[in-house]
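Just so it is clear, none of the values below were taken in a lab; they were calculated from the coordinates. Everything quoted here is computed from the prediction, not taken from an experiment. With ideal geometry, Cβ positions are generated from the backbone for all residues, glycine too; neighbour counts draw on all protein chains shown.
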Amino acid sequence: MCRLKKALYGLKQAPRAWYEKIDAYLVAQGFQNSPTESTLYVKHAVDVLLIIVLYVDDMLLTGPNEMHNADFKAELNSAFEMSDLGLLHHYLGIPFKQCDGGIALCETKYIETLLQRFGLENCKPIVTPMETGLHLSIHDVGDYFDVLLYQ
């Protein structure tokens, strides 16, 4: 019989053990955990602003000062075995684009999937989502549709 001193990767309790470990580390480094989002950490000091978002064993780190970002990445690398994947390109299946004014989410693939799901892949794009000049009435009877499909 053996007693493990840490959770093994792939076990049911491993993500919880990892979260507790990274949480303790980030709090010790001066980060504050968001009261409404448990995976969001912010370090706001006199001249330092760092924001971290966790998703299981993936981490997004951002801040306005590249030097502070690099210093904290070096600290993380010395405390944990990690790899720096560079600028954000994809996260949780969502593509991102780096722009001059910030970061943009690209939902093109998701929108195309929705259009195919509802049979609208060949529809023409319009500026307004509804017919202009349409008068709606509570007494109008429209086509039957499956409510569950749109929920």
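Given a 10 angstrom Cα cut-off, can you work out which residue in K43, K12, K97 is the most mobile in a GNM of the chain? Checking each option, the largest mean-square fluctuation is seen for K12. Output the pairs from K43/K73; K21/K73; K12/K73 with a Cα-Cα distance over 22 Å in this structure; if there are none, say none. Distance filter (> 22 Å) returns K12/K73. Per-residue 3J(HN,Hα) values for region 121-131, derived from phi via the Karplus relation 6.51 cos²θ - 1.76 cosθ + 1.60 with θ = phi - 60°, read 5, 9, 6, 8, x, 9, 6, 9, x, 9, 4 Hz in sequence order (x marks Gly and Pro). Sequentially through region 137-151, phi angles give Karplus couplings (6.51, -1.76, 1.60; θ = phi - 60°) of 9, 5, 8, 5, 10, x, 5, 6, 9, 7, 4, 4, 4, 9, 7 Hz, Gly and Pro residues having no value and appearing as x. Counted by Cβ distance under 10 Å from N65, the other residues give a net charge of -3, where Lys and Arg count +1 and Asp and Glu count -1.
Restricting the calculation to alpha carbons of the chain gives Rg and Dmax of 23.1, 76 angstrom. Put +1 on the Cβ of each Lys and Arg and -1 on the Cβ of each Asp and Glu in the chain; which of H68, Q29, A104 then has its Cα farthest toward the positive end of the dipole? Going by the Cα projections, it comes out as Q29.
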